[in-house]
Amino acid sequence: MGESSRDQRPERQRGLPHRIETDAESVQRDLVRLVLTIVELLRQLMERQALRRVDAGGLDEDQVEELGLALMKLEEAMAELRDRFGFAVEDLNLDLGPLGPLLPRDD
């Protein structure tokens with residue numbers, strides 16, 4: 001019976017939920033969470049890239065100011081969307097198991 005009998009264990013015993021939530025509200029909330037997570041990841045990547053450009057000195061003062069304002073507006077928009085759908089910042093940070101969290105933590 002060895003290894004093949006272990007593969008046939010009920011999914012509940014392998015740590016998976018017995019049932020998956022499939023009601024429309026749950027699916028919609030999970031989809032919104034996923035989209036907001038992706039947008040937050042992109043926002044953070046854009047912010048890091050902008051900081052690299054500023055540190056490299058490749059932007060004049062006006063460009064730095066415009067970039068800073070754009071990033072602030074994007075962060076405010078994300079905060080509004082999180083509030084609208086009832087998510088905290090931590091809710092958007094997916095756990096990737098052994099790889100750790102998707103979004104870096106601001107410590």
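Each reported figure results from applying straightforward, stated rules to the coordinates on display, with no laboratory input. Worth saying up front: this structure is predicted, and the values here are computed from it rather than measured. Using ideal geometry, Cβ is built from the backbone for each residue, glycine included, and neighbour counts are taken over all protein chains shown.
Couplings 3J(HN,Hα) of the stretch 71-80, computed from phi: 5, 5, 5, 5, 5, 5, 5, 5, 4, 5 Hz, in residue order, whole Hz [Karplus 6.51 cos²θ - 1.76 cosθ + 1.60, θ = phi - 60°; x for Gly and Pro].
Here the Karplus relation 6.51 cos²θ - 1.76 cosθ + 1.60, evaluated at θ = phi - 60°, turns the backbone of the stretch 61-70 into coupling constants of 4, 5, 5, 4, 5, 4, 5, x, 5, 5 Hz, with x for every Gly and Pro.
Extension gain, Ala88 to Gln44, is 14.2 nm, computed as 0.36 nm per intervening residue step minus the present C-alpha separation. FRET efficiency for the pair Leu99 and Ser26, taken as 1/(1 + (r/R0)^6) with r the Cβ-Cβ distance and R0 = 30 Å, rounds to 0.70.
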